[in-house]
Amino acid sequence: MADGTGDEQTDDAAAPGDEAREALAAELSELLGDAVVESHVEAGQNLWLRIAIEQWHGAMSALRDAGFAYFGFLSAIDWTDAPEGRYEDTEFDAAGVGEEDDEASSATAEETVRRGGGETRFQLLAQLHSPARHAAVLIKADVPEADGAPASVPSIIDIFSGADWHEREAHEMFGLVFDGHPNLEHIYLPTEFEGHPLRKDFPLLARAVKPWPGVVDIEEIPPELEAQLEAEVMAEFEASGAGA
């Protein structure tokens, strides 16, 4: 970038801070105490708090009482790679070319995507807002596994009734079980549907066996029909030549 004197100027300065979110992170960390495992501020964007899953219900109740009474959403994340491979590139794939660049790119992606940290395959995620403070906080919690499935977590519909549909969706799509939820029934899928489509190990058979749109199967011409067609073409050609 030119500075007006013809010299090139490089910008090595760090991204500007976010004092308001840093202060809020400190305030909420003090409020929640030992429930907070880690916090992360993305300047100008978001505040993330990772809390112990055992404290999920209590922390959400404390945040509501502290003014974060508007429930935004609840969902889950499966951090594993799909076993059949990836089908789309991300912004991180073009960052490096060599082996060293690939390792740096992978580290950058991991550091950037897992905002607020995380140690388990499954994570629970919710967003709360404080209308009075015009502030939002994203709450994460690591969900341990038991026998290859995510362990059950406490429902928060007694705190935020709007979480009802979101917990049902997370149960349907990821297999999370919310203790205390009275009706963990499917929303989108048939009742008899087996599996959880947003888990990375769910087989996407349509991608594996469905033919590419527009592909047409071509059958071989039987030899006797091929000879007949060839004879008819030659006869027509000779007749047109004789007429000329």
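Of the conditions (1) at pLDDT below 95; (2) surrounded by 11 or more Cβ atoms within 10 Å (Cβ to Cβ); (3) of a type outside the set (F, W, Y), G4 clears all except one; give me its number.
(2)
Out of everything in the range 142-159 that is closer than 13 Å to G180 by Cα and open to solvent by less than 50 Å² (accessible area, probe 1.4 Å), what residue ends up being farthest from the chain's Cα centre (by Cα)? Working first, answer last.
The initial filter retains those residues of the range 142-159 that are closer than 13 Å to G180 by Cα, namely 152-159.
Filter once more, so that each one left must be open to solvent by less than 50 Å² (accessible area, probe 1.4 Å): 153-157, 159.
Numbers: V153: 20, P154: 22, S155: 22, I156: 22, I157: 23, I159: 26 Å.
Among residues in the range 142-159 that are closer than 13 Å to G180 by Cα and open to solvent by less than 50 Å² (accessible area, probe 1.4 Å), the one farthest from the chain's Cα centre (by Cα) is I159.
Could you check how many residues of the range 119-141 are buried (at least 21 other Cβ atoms within 10 Å of the Cβ) and closer than 23 Å to T80 by Cα? Break it down into steps so the answer makes sense when it comes.
Initial filter on the range 119-141 (buried (at least 21 other Cβ atoms within 10 Å of the Cβ)): 122-124, 126, 128, 137, 139-141.
Keeping just the survivors that are closer than 23 Å to T80 by Cα gives 122-124, 126, 139-141.
The total comes to 7.
Restricting the range 178-198 to residues that are farther than 14 Å from W56 by Cα and touching a Ser or Thr at 6+ places or on another chain (Cβ under 8 Å), which is most open to solvent (accessible area, probe 1.4 Å)? Please lay out each step first, then the result.
First pass over the range 178-198, keeping only residues farther than 14 Å from W56 by Cα: 181-198.
With touching a Ser or Thr at 6+ places or on another chain (Cβ under 8 Å) added as a condition, the list becomes 181, 185.
Working: H181: 21, E185: 96 Å².
Applying the filter and picking the extreme gives E185.
The values are calculated or read from the model by the stated rules, or taken from the named source; none is laboratory data. Small disclaimer: the values here were computed from a predicted structure and weren't measured. No Cβ is skipped: glycine too gets one built from the backbone with ideal geometry, and neighbour counts run over all protein chains shown. Just the protein is used for accessible areas: all its heavy atoms, side chains included, with ligands, DNA and RNA removed. Shrake-Rupley method; radii C 1.70, N 1.55, O 1.52, S 1.80 Å.
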